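The values are calculated or read from the model by the stated rules, or taken from the named source; none is laboratory data. Not measured: the values here are computed from a predicted model. Glycine gets a Cβ as well: all are built from the backbone with ideal geometry, and neighbour counts include every protein chain shown.
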Amino acid sequence: MAPRFKLKASSDRATESPRWHPNFRNYERLPDIKAVRTVFFVNALAISVAVALLAYVVFREYSIHTIRNQIALADQDIARNRVLSEHGVRLFREFQQEQKKVDVVSAYLHSRPTLSPVVIHIAQTLPKNIALTYVEMRDSGMILRGVVRGAPELASGIASAYVDQLHADRALATEFGNVDLTNLNKNPQDGRLNFELFLKLKMPKK
């Protein structure tokens, strides 16, 4: 069998040259990857800003809606309380008016003299020619009716003098004002002169 011989590589091919291939890429026509990345990040940032603004607007609208609801509830409370307040003010004014009436009546009742001491004083100071037949205490004053004794031609003078006496009486002046002779006539049965006097009460000072 014939021996196998190996061919020795020549020294020129001992060192292999690096492999290579032709570069047919056209860089001018290839897409700009950097520009694509930039546009992506810009769009992402714009979307983030838009989402943030939208969230802010939604939150603001929600806050405004909440505040409006609170204002509406407050207005309802104010309207309800206003009705109660106006009712209370009206009742208070009515109470004030009634209180004024009560005060006037109370002052008048306290200012009215007691009938018994007045009648006793009038009886003690009554002239001998005059006799009282009727005494009445009214809200506005006192009515005295009586008869004048004595000669008919002197009766009218005696009655007028009694009016002056009552008007000058200091004890009566504290409670009564004017003293008026309201009636003076002759009784046809006995010929005596009948008279009627009105002592007007002083109004209490307000």
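Quick notes on this one:
- Members of segment 154-191 found to be under 56 Å from the mean Cα position of the chain (by Cα), of a type in the set (S, T, Y) and within 17 Å of L132 (Cα to Cα), listed by number: T182
- Enumeration of residues in segment 192-206 that are aliphatic (A, V, I, L, M), closer than 13 Å to M142 by Cα and either part of a helix (DSSP H, G or I) or more than 49 Å from the chain's Cα centre (by Cα) (or both): L197
- Any hit, segment 109-120, residues being within 18 Å of N183 (Cα to Cα), modelled with pLDDT of 85 or more and in a helix (DSSP H, G or I): no
- Flag if E136 is surrounded by 13 or more Cβ atoms within 10 Å (Cβ to Cβ), closer than 14 Å to K200 by Cβ and of a type in the set (D, E, K, R): no
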